[in-house]
Amino acid sequence: LPRSLHHLHSRLDFFFPPSSFSPFLSQPALSLSSSNQMATQGQVITCKAAVAWEPNKPLVIEDVQVAPPQAGEVRIKILFTALCHTDAYTWSGKDPEGLFPCILGHEAAGIVESVGEGVTEVQPGDHVIPCYQAECKECKFCKSGKTNLCGKVRSATGVGVMMNDRKSRFSVNGKPIYHLMGTSTFSQYTVVHDVSVAKIDPAAPLNKVCLLGCGVPTGLGAVWNTAKVEAGSIVAIFGLGTVGLAVAEGAKAAGASRIIGIDIDPKKFDTAKNFGVTEFVNPKDHEKPIQQVLVDLTDGGVDYSFECIGNVSVMRAALECCHKGWGTSVIVGVAASGQEISTRPFQLVTGRVWKGTAFGGFKSRSQVPWLVEKYLKKVKQAKIVLALYYVHGNIQ
C-alpha cells in the first residue's frame, strides 16, 4: 500500500487486524519508470488495495484489477495516503453514500500513470493530488464565483462510479468494487475524473503534501475563505483533531488575538499549542453549558467559532458562544446521516451568523497547487506546517 501507511500504522489497527496488515507493509513500493508506464498504459493493472467488503468489518488486502482510464479520466499511482475521519465514518456504515464493497481513502498524492481520451491538463509522470471536491470550471457552480462546489461529476461520485459509463474501474475476480468520493486512495492505483486532479510542483514531498487533499485545507480555508477572520479576533475551536489544528493555524496566521481550544481530551492541549491555540477549555471541568462558559470568558462571546467534530449539540453550542450582533459560527464537522441542527431563532435575529464549509472553500484544481507552493515557499501568511500534522497523526 502507499508508503505513508507505514507512518499511520498505529491508527490503522482501527481498520486492520495487525496480523493481516503488518506483512504487507514490508513489500516495496512499485516503480513507475517510463518503460513501466508504456507497458501498463491501456492495460488492466493488478495491484494491492484495502477493500471494505462490509461496514464495520476489517479491511482486507486484496489483489484488485484497475481498468484503464476512459475519456476524461486519469489513472494515478498512489504513493502516499493519509487516514481521515471521514473514511472511518463511511466504514462505520453511517454514511448514506457509503456503498459496499468499496475502496476507501481520499487524502493522498501520487504520479499520473496514464490518461484517457480528451485529458489535456495532466499527463503521465505528473505529480498530482486527487481531490474529492472536483472543479470543472464550466458548470453553474464553478462559474458562479460564489462557491467551490462543482456539479459536473457529483451524480457519479456520490454513488461510487465513474461518469463516463456509470461503472467502477475496480474489480476483484470480476466483482465490481465501488469508488469512494471519486478518489479511493487505499489502493496502489486508482482512477479519477480529470476534473478531480490537481497538478502540483514535482519538488513537493508527496509524503507531506498528501495532507493537502482534505483535512488541512478544510481547516485553513474555514478561517481564510469562509469566515474571513480578521486580525485581533477572538476565535473558539471545538475539537482539536487535525482539522481543528488547521483552523488554529489559519487563525494564528490571520492574526487572531485569542484562540480558544475546546476539547474533552486534555492530552491534545500541548500539541495544539504548537498550532497557535492560546488557551484551553475542557467542558468536563465546568457545570455550566460550554457556550455560557465561553461567553463569560470573552466578555459577551467570541467573534468566530468553528465546530470540527460533527456533533449537532456542539454545533449549537458553537453558535451560541458567539457574540451578539456579529459573531459567526462555521460548521466544519460532518454529522451523521439524519441529524438536524437547532437553536432558538432569536440567536440569529440578534445578529449571529451560521455557516458551513466544504474543503474550506478552496477550489481544488486551481488552489491546491497554490497551497503546495505556499508550503514550499513559506511566504506571506505563516507557513503551512505540514510536518507538525504528520507528527500529530503518528501519536494519535
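The values are calculated or read from the model by the stated rules, or taken from the named source; none is laboratory data. None of these values were measured; they are calculated from a predicted model. Note that we place each Cβ from the backbone using ideal geometry, even for glycine, and neighbour counts take in every protein chain shown. These accessible areas exclude ligands, DNA and RNA; they are computed on the full protein's heavy atoms, side chains included. Shrake-Rupley method; radii C 1.70, N 1.55, O 1.52, S 1.80 Å.
Could you tell me the ratio Rg/Rh of segment 94-159? Both radii from Cα atoms, Rh via Kirkwood.
Expressed as Rg/Rh, it is 1.00.
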Can you run the Rg to Rh ratio on segment 315-365? Use alpha carbon positions and the Kirkwood inverse-distance Rh. 1.03
For the pairs 199/252; 268/374; 152/252; 94/374; 77/355, note any where the Cα-Cα span goes beyond 30 Å. 152/252; 94/374; 77/355
Identify all lysines with a Cα-Cα distance to residue 175 below 20 Å; exclude those on the same chain that are fewer than 8 residues away in sequence. 48, 57, 167
Selected from 364, 114, 233 as most flexible by GNM, with the chain as the system and alpha-carbon contacts under 10 Å: 233
Rounded to two decimal places and with Rh computed the Kirkwood way over Cα pairs, what is Rg over Rh for the chain? 0.98
Please state, as a whole number in µm²/s, the translational diffusion coefficient that the Stokes-Einstein equation yields for segment 245-390 at 25 °C and 0.890 mPa s, with Rh defined as the Kirkwood radius across alpha carbon pairs. 149 µm²/s
Out of 348, 371, 319, a Gaussian network model of the chain with alpha-carbon springs under 10 Å gives the largest mean-square fluctuation to 348
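First compute the accessible area of the chain with a 1.4 Å probe, then give the percent of it belonging to carbon and sulfur atoms.
53 percent
Sort 156-162, 170-176 for me by packing, meaning the mean count of neighbouring Cβ atoms within 10 Å per residue, highest on top. Walk me through the intermediate numbers first.
On the way: 156-162: 19.0, 170-176: 14.1.
The packing order, highest mean first, is 156-162, 170-176.
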To the nearest Å, what is the center-to-center distance of segment 256-277 and segment 288-315, using C-alpha atoms only? 14 Å
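With every protein chain present, what is the per residue accessible area of the chain (1.4 Å probe, Å²)?
On the way: 16580 Å² over 396 residues.
Result: 42 Å² of accessible area for each residue.
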How much of the DSSP beta bridge set in the chain is antiparallel, as a percent to the nearest 5? 60 percent
Kirkwood Rh (inverse of mean 1/r, distinct Cα pairs), segment 215-302, angstrom: 12.8 Å
Quick one: angle between helix 386-395 and the longest Cα principal axis of the chain, in degrees between 0 and 90, rounded to 10, please. 90 degrees
Translational diffusion of segment 55-199, µm² s⁻¹ [Kirkwood Rh, Cα pairs; Stokes-Einstein; 20 °C; 1.002 mPa s]: 141 µm²/s
If I model segment 35-136 as equal point scatterers sitting on the Cα atoms and use the Debye formula, what is log10 I(q)/I(0) at q = 0.17, 0.19, 0.20, 0.22 Å⁻¹? -0.89, -1.07, -1.15, -1.27
dims of segment 212-252, Cα set, principal axes, largest to smallest, nearest Å -> 28, 19, 13
Principal axis dimensions, segment 192-233 - Cα atoms, whole angstrom, descending: 38, 23, 15
From the Cα centre of segment 218-247 to that of segment 47-74, the distance in Å is 34 Å
Taking a cut-off of 18 Å between Cα atoms, list the aspartates and glutamates near residue 146, but don't count ones fewer than 8 places away on the same chain. 135, 138
Magnitude of the Cβ-charge dipole (Lys and Arg +1, Asp and Glu -1) of the chain about the Cα centre, nearest 20 debye, reported as 600 debye
